[in-house]
Amino acid sequence: MTARHAVLRTADRSSVVYESFVLRKRDGFVNWGYTRLHSLEDAREAVNEALFKLYLRWDDALASANADAYAFKILRDVVADMLRKRDRRPSVPVGLAFESTVRPIAGIPDEEIEQVSARLEVHHAVTQLSGRQRTCISLHYFQGYGIEEIADITGLADSTVRSHLAAGRSALARLLDAPDDAPPAHEKGHHG
């Protein structure tokens, strides 16, 4: 086998590994981007840009201690750049489900208005968490991902995800003046 064939074979294998990585990560990355950008189109654009940057640095990602974390860092940076370029912070979800002033017009019952107010308060509190806590809380409670899935998306260890969830819940309890309850058993590492 010539040196040229060896290089092409290695490049083909690397390309297959990259494509497999992208297939495994894309949906989770888009969902996380959506939690920050509140726009599916913007989230997809951010993920496409991040995956292109990852492709250009694929050898570095493979050589890093954790390729998942390396890729997620690129995505976080792309989202931060998008927000900075557009001179805006992550927006608060909008629409009838979150708009408290539509009650008199739409005839929405008072209890639903109270739920809307509570949702807005929770979303605002989540934006005040540290980056990793916010990421873990958003993926787990807003997007419905499990501990292992969050670990896979972010490149963090399962135990680190659990720690960020616990710290995030405690911080949210303080921010919302709620009692700090114990986490569900599945977040303590129990499998059942």
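The values are calculated or read from the model by the stated rules, or taken from the named source; none is laboratory data. Keep in mind that what you see is a predicted model, and the values were worked out from it rather than measured. Note: areas computed on protein heavy atoms with side chains; ligands, DNA, RNA excluded. Shrake-Rupley method; radii C 1.70, N 1.55, O 1.52, S 1.80 Å.
I'd like the accessible area for Thr35, computed on protein heavy atoms only with a 1.4 Å probe and all protein chains in place. Round to 10 Å², please.
About 20 Å², ignoring ligands and nucleic acids.
Note down the accessible area of Val78, probe 1.4 Å, to the nearest 10 Å².
0
Using a 1.4 Å probe, what is the accessible area per residue for segment 44-83, in Å²?
51
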